[in-house]
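K.L.:
Take this structure, written in structure tokens, and hold onto it; I'll ask about it next.
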Amino acid sequence: MAGLPWRWPVLLLTGLGVAQVCVAGTAPEYRVKAAFIYKFATYIRWPPSPSGAARTTPFLIGIIGSDPFGTSLEEVVRNQTVQGRSIGIKVLTRMEDALACDVVFVADTERSNLPRILAVLRGAPVLTVSDLDDFAEQGGMIGLDTTEDNHIRFDINKAAVERAGLRASSQLLQLAHIVVEVHR
Amino acid sequence: MSSSSIGRNLGWLSIFSSSIALIAASLALLFFQLQEVKSSLVVRLETVAELIAFNIAAAVDFNDAEAAKTMLSSLKTRQAISSAGVVVNGRIFAFYSRDAAAAPRSEDLRTTSAGHRFGDRELTVYRPILSHGRPLGTLFIHAGLHDYDQTWRRFAIITGLVAIPALLIALLISQLPQRIISRPILRLASLAATVSATKDYSVRAPVVRSTAEIEQLVSTFNQMLAEIEGSRATLEQSVADRTSELAAANRELEAFSYSVSHDLRAPLRAIDGFSKAILSDYAPNLDERGVHFLERVRSGTQRMSVLIDDMLQLSKVTRRPLERSEVDLTKVAQDVADELARRNPGRQVCFAIEPDLRAAADPHLLAIVFENLLGNAWKFTGNRTEARVEVGQTSLGNEPAFFVRDNGAGFDAAYASKLFGPFQRLHDESEFEGTGIGLATVKRIITRHGGHVSAEGVEGVGATFYFTLGGKS
């Protein structure tokens, strides 16, 4: 990760967000975010699967909504493993498929669907990551956030992580901004 | 008193050895304590480094330098830690320093393996930062050696507090040999000096409580005194026994010679008397040869009579008790000289007698001494035309001595020692008449006075007789 460029120019401009994402599959911001998603997986422990067969299946990263990563996520996870499992990437078309994944990234195209998505995944051992605003406060697990000085920060909703039976390492929690779920 | 005493020597020895022991123990203690402090410093710093390296791994992994620096800044609660940093790919990723001006050093950028290094006034610990076994970078921490220095200081203070009283105690203890060893020996030495000065062998050294060797020395010394005392008593007893035996034998011998001499006189007088009677009454009946024989008999008996008289005198000289009084030797000598001149009017002898010769002696015995010595001088100067006899005072060694000197026939110095034995004669009877008892008598008288007699002479030149009178004078 250290090899990646640290400072990068801000390409996203306010108001162009949605349109921009659709075409900017190789945006540097998403290269960093792709790397973060893989690293989150290395600092999180999943509960043992009820069926032992799960071990042999690939570690699945699902993307809900329009895939913003282009090829960068694939590049990041290539030849890498999580808990001994090879890593697969899948763009989800059906809500139910999300439950078969280990990580689900919610693209910012799904803002309006977010409550439904979170409701489906609630309590399931699936790590939810998104760069939607206030994602963690709304019940997501890890929300990515770009600071004013162009650093990627992340929020963690500890309650959601624990509810799913996942364990975030203390090292990760130390770096994260811990947020409390807002019940509406 | 160039040699020092046993007690002091032992004292210094004990101080010296205890100081050495103290220093050695202190140095050993210091060495182990410093090792201990060093290793505990390393362990403590490594523990801190381990914890930081673990916690900081995610920050490095997520490239969060801010978070890494915040974590490093948590080290500010540890006073000893001066600076710390994270190196990734040979470049500083995050750095913390207590002193704002401090900067990372080149050796910190190079080191990637775990370990520690003691540098100048500081300890550096290196720890790799791992994420799931993957090395991300290296953590280094510099810590000052404050604890190490404090150990030194504390040690110096403790050593001062312990060593000085310990040496004082050693000094006190070192006085003990003086009391236990030195004093009894000195007391024994002074007792030995007293014994040797007073010859009092009845004293004993007091038995003191000391070391076994000293006690043995004292008891052996006492045993030795007892043995000397015992053997002296035996010796004195046997000397007394021998002396009285000898005295008894002497008395018997003198009584024997006295009675023999005395008893010989009667038959001698008879021989002489009847020889005289035959000569006067029967001379016509005898031829010339018979008369000559009888005269030879008479002269023989007369010589024998003189001999007996001399022997009786010698005997008497021994038997008479010695009664000392102030004697005017000049007068005694003068009287003897006058008597000699009166008896032999045909001779001219010059007497030179020193005036005012005085001594404490038996006057009667001293008269016999002068009769013999002056008589000899008179006799042996018979062939001199200018006979001269001197009487005077001199000193032999430190004692006052008197002498009688003549310029007579003298004698061969080789025979000087034989002169004073009875019946010893150095001259032929025909040359100088005499019995050979005179000088023996002189010697006996002088010996009885506790004095010495000696003679020196040169044949044909003269003789000198010296005598001292011992006693108080």
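K.L.:
What does the convex hull of the Cα atoms of the range B:56-182 come to per residue, in Å³, rounded to a whole number?
P.N.:
Details: hull volume 20.4 nm³, N = 127.
Dividing the Cα hull volume of the range B:56-182 by its residue count gives 161 Å³.
K.L.:
Same structure again: Determine the gain in length on full extension of the stretch B:LEU396-B:ARG8; use 0.36 nm per residue of separation and subtract their C-alpha separation, reporting nm with one decimal. Please report the intermediate quantities before stating the final value.
P.N.:
Working: separation 388, 0.36 × 388 = 139.68 nm, distance 5.21 nm.
Roughly 134.5 nm would be gained on extension.
K.L.:
Here's a follow-up. Through the Karplus equation 6.51 cos²θ - 1.76 cosθ + 1.60, θ set to phi - 60°, convert the phi angles of the range B:142-149 into ³J(HN,Hα) values in whole Hz; use x for Gly and Pro.
P.N.:
With the stated coefficients, the range B:142-149 comes to 9, 10, x, 9, 4, 4, 4, 5 Hz.
K.L.:
Dipole of the protein assembly as shown (Lys/Arg Cβ +1, Asp/Glu Cβ -1, origin at the Cα centre): which of A:SER112, B:LEU75, B:PHE274 lies farthest to the positive side?
P.N.:
Value: A:SER112.
K.L.:
Based on Cβ point charges of +1 for Lys and Arg and -1 for Asp and Glu, what charge dipole magnitude is obtained for the protein assembly as shown about its Cα centre, in debye rounded to the nearest 20? Could the numbers behind the result be given before it?
P.N.:
On the way: 69 positive and 71 negative charges, 371 e Å.
In debye, rounded to 20, the protein assembly as shown gives about 1780.
K.L.:
Antiparallel versus total DSSP beta bridges in chain B: what percent is that, nearest 5?
P.N.:
Given both bridge residues lie in chain B, the antiparallel proportion sits at roughly 90 percent.
K.L.:
Can you work out the Karplus-derived ³J(HN,Hα) for every residue in the range B:107-118? Use 6.51 cos²θ - 1.76 cosθ + 1.60 with θ = phi - 60°, whole Hz, and x for glycine or proline.
P.N.:
Working through the residues one at a time gives 5, 5, 6, 7, 6, 10, 8, 5, x, 9, 8, 8 Hz.
K.L.:
Given Cβ point charges of +1 (Lys, Arg) and -1 (Asp, Glu) and nothing else, what value in debye, to the nearest 20, does the dipole of the range A:111-184 about its Cα centre take? Present the calculation step by step, with values, prior to reporting the outcome.
P.N.:
Values: 8 positive and 10 negative charges, 98 e Å.
In total the dipole reaches around 480 debye.
K.L.:
While we're looking at this one, here's another question. Report the calculated FRET efficiency for B:ASP147 and B:ARG117 (r = Cβ-Cβ distance, R0 = 22 Å), to the nearest 0.05. List each step's numbers first, then the result.
P.N.:
Values: r = 17 Å, r/R0 = 0.77.
After rounding, the FRET efficiency stands at 0.85.
K.L.:
Another one. Per residue and in Å³, how big is the convex hull formed by the alpha-carbon atoms of the protein assembly as shown?
P.N.:
Details: hull volume 247.0 nm³, N = 657.
Residue-normalised Cα hull volume stands at 376 Å³.
K.L.:
Using the Cβ atoms and a cut-off under 12 Å, what net charge is assigned to the surroundings of B:GLU295, where Lys and Arg are +1 and Asp and Glu are -1?
P.N.:
+2
K.L.:
Which of B:SER315, B:VAL297, B:ALA333 sits closest to the plus end of the dipole of the range B:290-333, meaning its Cα is farthest towards the positive end, when Lys and Arg get +1 and Asp and Glu get -1 on the C-beta?
P.N.:
Farthest towards the positive pole: B:VAL297.
K.L.:
Provide the per-residue ³J(HN,Hα) series for the range B:93-98, in order, calculated from phi with Karplus coefficients 6.51, -1.76, 1.60 and θ = phi - 60°, each as a whole number of Hz, with x at glycine and proline positions.
P.N.:
9, 8, 9, 10, 9, 5
K.L.:
Sticking with this structure for a sec: In Å and whole numbers, how far do the C-alpha atoms of the range B:180-312 stretch along each principal axis, longest first?
P.N.:
Computed over the Cα atoms, the extents are 109, 19, 17 Å.
K.L.:
Can you pull the semi-axes for the range B:112-212, root of five times each eigenvalue of the Cα gyration tensor, sorted largest first, whole Å? Kindly include the intermediate steps, with their values, before the conclusion.
P.N.:
On the way: eigenvalues 1116, 37, 18 Å².
Taking √(5λ) for each Cα gyration eigenvalue gives 75, 14, 9 Å.
K.L.:
If you don't mind, there's one more thing I want to ask. Which of the lysines could be linked to B:LYS418 by a straight reach, that is with a Cα gap under 26 Å, when you skip same-chain ones fewer than 8 residues away?
P.N.:
Hits, sequence-local ones excluded: B:LYS316, B:LYS379, B:LYS443.
K.L.:
Which of the aspartates and glutamates could be linked to B:LYS76 by a straight reach, that is with a Cα gap under 15 Å, when you skip same-chain ones fewer than 8 residues away?
P.N.:
Result set, ordered by chain and number: B:ASP99.
K.L.:
Pop out the carbon and sulfur fraction of the accessible area of the range B:179-286 as a percent, whole number, probe 1.4 Å.
P.N.:
Working: 4700 of 7730 Å².
Carbon and sulfur together cover 61 percent of it.
K.L.:
I've got another one for you. What is the helix-to-structure angle for B:438-448, meaning the angle in degrees between its Cα long axis and the longest Cα principal axis of chain B, kept from 0 to 90 and rounded to the nearest 10?
P.N.:
Approximately 40 degrees, to the nearest ten.
K.L.:
Same structure, new question: Distances longer than 14 Å among the Cα atoms of the range B:191-254: what percent of all pairs is that?
P.N.:
Values: 1373 of 2016 pairs.
So the portion of pairs separated by more than 14 Å is 68 percent.
K.L.:
Which trypsin sites (Lys or Arg not before Pro) in the range B:322-421 sit in a loop by DSSP (not H, G, I, E or B) and have at most 15 other Cβ atoms within 10 Å of their own Cβ?
P.N.:
Sparse-neighbourhood loop trypsin sites (Lys or Arg not before Pro): B:ARG347.
K.L.:
What is the helix-to-structure angle for B:183-198, meaning the angle in degrees between its Cα long axis and the longest Cα principal axis of chain B, kept from 0 to 90 and rounded to the nearest 10?
P.N.:
That works out to roughly 10 degrees.
K.L.:
Collect residues whose amide H, placed 1.01 Å from N in the peptide plane, falls under 5 Å from the amide H of A:PHE105; neighbours closer than 5 in sequence don't count.
P.N.:
A:GLY62, A:ILE63, A:ILE64, A:VAL129
K.L.:
Mind giving me the FRET efficiency for B:SER257 and B:VAL207? R0 is 51 Å, r the Cβ-Cβ distance, nearest 0.05 is fine.
P.N.:
Values: r = 59 Å, r/R0 = 1.17.
Between B:SER257 and B:VAL207 the formula returns 0.30.
K.L.:
Shape call for the range B:139-187 from the C-alpha gyration tensor, a ≥ b ≥ c root eigenvalues: rounded (a/c under 1.5), prolate (a/b greater than b/c) or oblate? Kindly include the intermediate steps, with their values, before the conclusion.
P.N.:
Values: a/c = 11.63, a/b = 6.08, b/c = 1.91.
Verdict is prolate for the range B:139-187.
K.L.:
Write down the percent of antiparallel bridges among all DSSP beta bridges whose residues are both part of the protein assembly as shown, to the nearest 5. Let's see the in-between values first.
P.N.:
Numbers: 59 of 83 bridges.
Restricted to the protein assembly as shown, the bridges split so that about 70 percent are antiparallel.
K.L.:
Taking square-rooted eigenvalues a ≥ b ≥ c of the alpha carbon gyration tensor, is the range A:51-184 rounded, prolate or oblate, where a/c under 1.5 means rounded and, failing that, a/b exceeding b/c means prolate? Mind dumping the intermediate values first?
P.N.:
Numbers: a/c = 1.30, a/b = 1.25, b/c = 1.04.
In terms of gyration-tensor shape, rounded.
K.L.:
Let me ask you something else. How tilted is helix B:212-281 with respect to the longest principal axis of chain B? Cα atoms for both, answer in degrees (0 to 90, nearest 10).
P.N.:
The two axes meet at around 10 degrees.
K.L.:
Here is a follow-up. Would you pull out the residues with amide H under 5 Å of B:ILE129's amide H, same chain only if 5 or more places away, H placed 1.01 Å from N?
P.N.:
B:LEU136, B:GLY137, B:THR138, B:LEU139
K.L.:
Right, another one. Using the Kirkwood radius over C-alpha pairs as Rh, can you work out the diffusion coefficient of the range A:63-117 via Stokes-Einstein at 4 °C, viscosity 1.567 mPa s, in µm² per second?
P.N.:
Numbers: Rh = 12.3 Å.
Answer, rounded: 105 µm²/s.
K.L.:
Using 7 Å Cα-to-Cβ label points, what is the B:ALA163/B:GLU229 separation (nm, one decimal)?
P.N.:
For the pair B:ALA163/B:GLU229, the computed spacing is 5.5 nm.
K.L.:
Further question on the same structure: With a 1.4 Å probe and every protein chain left in place, work out the accessible area per residue of the protein assembly as shown in Å², rounded to a whole number. All intermediate terms of the calculation are to be shown ahead of the outcome.
P.N.:
Details: 37420 Å² over 657 residues.
Value for the protein assembly as shown: 57 Å² per residue.
K.L.:
Separate question: In debye to the nearest 20, how big a dipole does chain B give about its Cα centre with +1 on each Lys and Arg Cβ and -1 on each Asp and Glu Cβ? Before the final figure, lay out each step's value.
P.N.:
On the way: 51 positive and 52 negative charges, 465 e Å.
Magnitude of the dipole: close to 2240 debye.
K.L.:
Would you please classify the overall shape of the range B:48-105 from the alpha carbon gyration tensor, given that a ≥ b ≥ c denote the square roots of the eigenvalues, rounded means a/c under 1.5, and beyond that prolate means a/b larger than b/c while oblate covers the rest? Before the final figure, lay out each step's value.
P.N.:
On the way: a/c = 1.87, a/b = 1.28, b/c = 1.46.
In terms of gyration-tensor shape, oblate.
K.L.:
Another one. With n ≥ 4 as the cut-off for DSSP H runs, can you work out [θ] at 222 nm for chain B, using -39500 (n - 2.57) per run divided by the number of residues, rounded to the nearest 500? All intermediate terms of the calculation are to be shown ahead of the outcome.
P.N.:
Details: 10 runs with 264 residues, N = 473.
Rounded to the nearest 500, the figure is -20000 deg cm²/dmol.
K.L.:
Just need the Rg to Rh number for chain B, please, alpha carbons only, Kirkwood Rh.
P.N.:
Working: Rg = 57.9 Å, Rh = 34.9 Å.
On the Cα set of chain B, Rg over Rh gives 1.66.
K.L.:
Interface B/A, total buried accessible area with a 1.4 Å probe, nearest 100 Å²? Please list the in-between numbers first.
P.N.:
Working: alone 28780 and 10070 Å², together 37420 Å².
It comes to approximately 1400 Å² buried between B and A.
K.L.:
Report, to one decimal in Å, the Kirkwood hydrodynamic radius for the range B:345-396 based on all distinct Cα pairs. Don't jump to the answer; show the numbers that get you there.
P.N.:
Details: mean 1/r = 0.0798 Å⁻¹.
With all distinct Cα pairs of the range B:345-396 included, I get 12.5 Å.
K.L.:
What is the average number of partner chain Cβ atoms found within 10 Å of a Cβ in A:77-85? Please list the in-between numbers first.
P.N.:
On the way: counts 0, 0, 0, 0, 0, 1, 1, 0, 0.
Shielding by partners across A:77-85 averages 0.
K.L.:
Compute the accessible area of each residue in the range B:46-65 twice, once for its chain alone and once with every protein chain present, using a 1.4 Å probe on heavy atoms, and list those whose area falls by at least 30 Å².
P.N.:
B:PHE54, B:ASN55, B:ALA58, B:ASP61, B:PHE62, B:ASN63, B:ASP64
K.L.:
Another question, then. Considering the zone a paramagnetic label at A:GLU181 would reach in this model (a point 7 Å from Cα along the Cα-to-Cβ line), which residues of the range A:92-125 have amide N under 12 Å from it?
P.N.:
Label zone hits: A:118-124.
The values are calculated or read from the model by the stated rules, or taken from the named source; none is laboratory data. For clarity, every value in this text was computed on a predicted model and none was experimentally measured. Neighbour counts are summed over all protein chains in view; Cβ atoms, including those assigned to glycine, are modelled from backbone coordinates with ideal geometry. Each accessible area value is taken on the protein alone, full model and side chains, heavy atoms only, with ligands, DNA and RNA left out. Shrake-Rupley method; radii C 1.70, N 1.55, O 1.52, S 1.80 Å.
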